[in-house]
Amino acid sequence: MNKEIVVSGIRPTGFLHLGNYFGAMRNYVKMQDDYPCYFFVADYHSLTTHPNPQDLKKNVFRVVAENIACGLDPEKIALYAQSDVPEIPELYLLLNMLAYKGELEKVPTFKDKVRQQPENVNAGLLTYPVLMSADILIHRAQKVPVGKDQVQHVEMTRNFAQRFNNRYGAFFPEPHPFNFGSEPVKVPSLDGNGKMSKSENINATIYLADDDDTIRKKMKKAKTDMAPTEPNSTMTEAVENLFQLMRLVSDEQTVATFLKNYNDCSIRYGDMKQQLAEDMVTFIKPIREQAQALQEDEQAIRTILKNGAEKARESAAKTLAEARKLVGIHYY
Ligand code: TRP
């Protein structure tokens, strides 16, 4: 096994969907055999938007169950809740002394939030990248599997690590964004606009918790076009998207057949969408069912989280003890 440590956080907001599956979870599953992995539910981060306290646990447990149903193995990795590792907020406090207001205010994700929710620009939101840095540095990780929107946060983590090292002595390795193997895949939404997403347009997104009929209904409404009238026409984005989805969940032969039908103008989008719906159902059903079964067994999830926290704290405690010492906090 490679020694480089992998860390990634999963936000417990919204339902996981096919975009998360192909963008993140499938990568996590591949990494767990090759690297020591720390994957956690970023529940502290989710507090920046004040979620309903009654919902928090349900959301955390669901995300854990869904990730396991997708193939994460809590025996192989540390799977834990961020809030179960108190070393993280302590390192966050130390790192906050090296993070400057000006640079935090310039972060695009922060500026977006200021625009979206001007009534709730709290300090947690401003220091979000510092907490994320603590998540990563607490295990002295080098590899951080994240989407494009998080790359700048990893860059900031590198800056904070360097700053710490310059001031107190070389200690933290520099973490980098990391994607296993190929380029991240695009999982387009069903309405022809952008990607599947947690909150925007739930009818254009296929969630891992969707039941068979919901999937069929959503697929039926998926956007297409007037159908080609000339052989080998360029595809509209909506149709290109359907083919992209088909490449993800259907077998090669099926994709080839519909592609041929498209190119010789015999394609019937209704048939294509029906086939795609059935292949999605086949793909999602076992994940949904396993995730559901796990969520009904709260005790099992609790045990998983406890064991995960134990593993995470073992690594975290070592880092924190050393970091405190370097800062000068060692009195006894
Ligand atoms: N900010 C990440 C997101 O919104 C989640 C996250 C929190 C994370 N801490 C992290 C990701 C540490 C990677 C490493 O998706």
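The values are calculated or read from the model by the stated rules, or taken from the named source; none is laboratory data. All values reported here derive from a predicted model rather than from experimental measurement. Cβ sites come from the backbone with ideal geometry, for glycine too, and all protein chains shown count toward neighbours.
One table, with the values for the structure above:
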quantity: Residues within the stretch 74-97 that are buried (at least 19 other Cβ atoms within 10 Å of the Cβ) and either more than 22 Å from the chain's Cα centre (by Cα) or not assigned by TED's automatic domain parsing to the domain that holds Tyr168 (or both), tallied; calculated: 4
quantity: The lone exception for Asp225 - which of (1) surrounded by 18 or more Cβ atoms within 10 Å (Cβ to Cβ); (2) outside the structural domain of Asn96 (by TED's automatic domain parsing); (3) among the charged types (D, E, K, R) it fails; calculated: (1)
quantity: Members of the stretch 98-146 that are small (Gly, Ala, Ser), in a helix (DSSP H, G or I) and surrounded by 14 or more Cβ atoms within 10 Å (Cβ to Cβ); calculated: Gly124, Ser133, Ala134
quantity: Candidates Val151, Val121, filtered to the one that is under 21 Å from Ile10 (Cα atoms), among the β-branched types (Val, Ile, Thr) and out of contact with any Ser or Thr (no Cβ under 6 Å at 6 or more places or on another chain); calculated: Val151
quantity: The listed residue being under 30 Å from Gln82 (Cα atoms) and outside any helix (DSSP H, G or I), out of Ala222, Ala209, Ala291; calculated: Ala209
quantity: Residues satisfying the stated conditions in the stretch 30-66, i.e. away from the ligand (no atom under 13 Å from the Cβ) and crowded, with 19+ Cβ neighbours inside 10 Å; calculated: Gln32, Tyr35, Pro36, Asn59, Val60, Phe61, Arg62, Val64, Ala65, Glu66
quantity: Condition broken by Glu155, with the remaining ones in (1) under 22 Å from the mean Cα position of the chain (by Cα); (2) outside any helix (DSSP H, G or I); (3) more than 16 Å from Ala24 (Cα to Cα) satisfied; calculated: (2)
quantity: Subset of the stretch 129-187 that is within 15 Å of the ligand (Cβ to nearest atom) and of a type in the set (Gly, Ala, Ser) - its residue that is nearest to Asp84 (Cα to Cα); calculated: Ala134
quantity: Members of the stretch 156-185 that are at negative phi and modelled with pLDDT under 85; calculated: Asn179, Phe180, Ser182, Glu183, Pro184, Val185
